[in-house]
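Reviewing the structure listed below.
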Amino acid sequence: PVRRDDEFGALASAFNKVISELKELEYGKIVQESLLPQAPIVPDGYDIAFFNTSATDLAGDYHDTIQLDDGRLAIILGDVTGHGISAALAMAMAKATVNHTGRNGAKYPQQLMDSLNALFNKELKPRHKFMTLVTTVIDPTTGKLEVDNAGQSYPRFFSAANGCSSDIEIPSMPLGAMKKRRPKIETRMMQSDDALILYSDGIIECSAPGGEMFGYDRFNHLFDQLMRQKMSAQAALKQLMQALDSFREPGAYPDDVTLVIIRKL
């Protein structure tokens with residue numbers, strides 16, 4: 001209670017204001033967590049796992065799985081520039097667009113990405129806010145994988161037959177950067193023990209106490225090693241994060257980290 005009008009009263013007022021803002025931030029975190037799936041949708045014959053941690057109370061990374069009406073499964077991973085409330089709101093806009101698109105398989109992946117691009121170009125570009133996002137669609141029956149990317153880190157595809165992985169390269173701009181996209185859909189066929197990893201750049205850009213970044217080479221080598229061991233998706237994510245935590249500067253993560261691994265059994 002503010003009972004005085006001197007400096008102690010001013011201090012009490014300031015304290016109450018901060019407490020109120022902290023409560024609002026906590027409510028925002030609860031709402032945001034409700035927008036992200038607690039567990040992935042996993043079709044028969046596949047193994048899928050998520051990992052997500054935020055640099056601040058409100059994250060800008062987004063991941064999702066959508067069971068489409070044509071039997072395919074869409075897996076989405078996105079990363080909004082910056083952190084905090086503005087990034088969280090942009091992430092919520094992406095989630096709302098996905099929900100509005102629904103389960104119509106004809107709209108995945110290209111039409112969904114085009115809709116997101118138009119929305120972000122109109123609403124976020126004037127505020128110098130962008131989002132990178134990759135949408136992958138898997139046909140569980142045939143193993144056909146389709147990928148559409150908008151500036152997100154290239155998905156890494158592990159071929160069990162070759163014993164190594166390679167990038168699914170789709171050079172592209174983030175959502176909203178251009179009024180119209182030039183989509184390019186890449187396809188792969190998943191065979192037994194093949195795998196795909198989607199990731200935000202938060203893991204790549206984590207640095208050691210000396211300043212060295214975790215980097216793509218270390219990340220790719222570790223992913224290959226884990227997949228050659230036919231490790232489960234969840235166990236592989238745990239090993240990746242343990243390697244990152246052993247490497248990086250102690251303390252809070254400098255950026256949000258999100259990982260998705262899809263394995264064909």
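The values are calculated or read from the model by the stated rules, or taken from the named source; none is laboratory data. In this text, all values refer to a predicted model and were calculated from it rather than measured experimentally. Here the Cβ is made from the backbone with ideal geometry for all residues, glycine too, and neighbour counts use every protein chain on show. Just so you know, the surface numbers come from the protein's heavy atoms only, side chains and all, with ligands and any DNA or RNA stripped out. Shrake-Rupley method; radii C 1.70, N 1.55, O 1.52, S 1.80 Å.
Scanning the stretch 74-99 for residues that are among the small types (Gly, Ala, Ser) and in a strand (DSSP E or B), which turns out surrounded by the most Cβ atoms within 10 Å (Cβ to Cβ)? Here the residue is Gly78.
Filtering the stretch 174-193 down to residues that are surrounded by fewer than 22 Cβ atoms within 10 Å (Cβ to Cβ), touching a helix residue (DSSP H, G or I) at 6+ places or on another chain (Cβ under 9 Å) and not small (Gly, Ala, Ser), which residue is farthest from Lys125 (Cα to Cα)? Here the answer is Asp193.
Taking the stretch 180-207 as the region of interest, how many residues are free of Cβ contacts under 8 Å to residues at least 60 places away in the same chain and over 17 Å from the mean Cα position of the chain (by Cα)? Selection size over the stretch 180-207: 7.
Search the stretch 138-152 for residues being open to solvent by 20 Å² or more (accessible area, probe 1.4 Å) and in a loop (DSSP other than H, G, I, E, B), and hand back the single one that is nearest to His63 (Cα to Cα).
Gly151
Taken over the stretch 237-263, the criterion of being modelled with pLDDT of 95 or more and among the aliphatic types (A, V, I, L, M) is satisfied by Leu237, Leu240, Met241, Ala243, Leu244, Leu259, Val260, Ile261, Ile262.
For the criterion of being at pLDDT below 90 and either part of a loop (DSSP other than H, G, I, E, B) or within 15 Å of Asp148 (Cβ to Cβ) (or both), Lys129 passes. Restricted to the stretch 190-204, and to residues there that are out of contact with any strand residue (DSSP E or B) (no Cβ under 6 Å at 6 or more places or on another chain) and closer than 16 Å to Asp256 by Cα, the residue that is modelled with the highest pLDDT is Ile204. Among residues of the stretch 208-230 that are in contact (Cβ under 8 Å) with a residue 24 or more places away in the chain, those with a Cβ under 8 angstrom from a residue that is surrounded by 12 or more Cβ atoms within 10 Å (Cβ to Cβ) and acidic (Asp, Glu), sequence gap 6+ or separate chain, pair up as Ala208/Glu249; Pro209/Glu249; Phe214/Glu205; Met227/Asp193; Lys230/Asp193.
Please work out which residue is modelled with the highest pLDDT, limiting yourself to the stretch 21-68 and to residues that are of a type in the set (Ser, Thr, Tyr) and touching a Lys or Arg at 6+ places or on another chain (Cβ under 7 Å).
Tyr46
On the given criteria, is Ser165 surrounded by 16 or more Cβ atoms within 10 Å (Cβ to Cβ), free of Cβ contacts under 8 Å to residues at least 60 places away in the same chain and small (Gly, Ala, Ser)? No, not satisfied.
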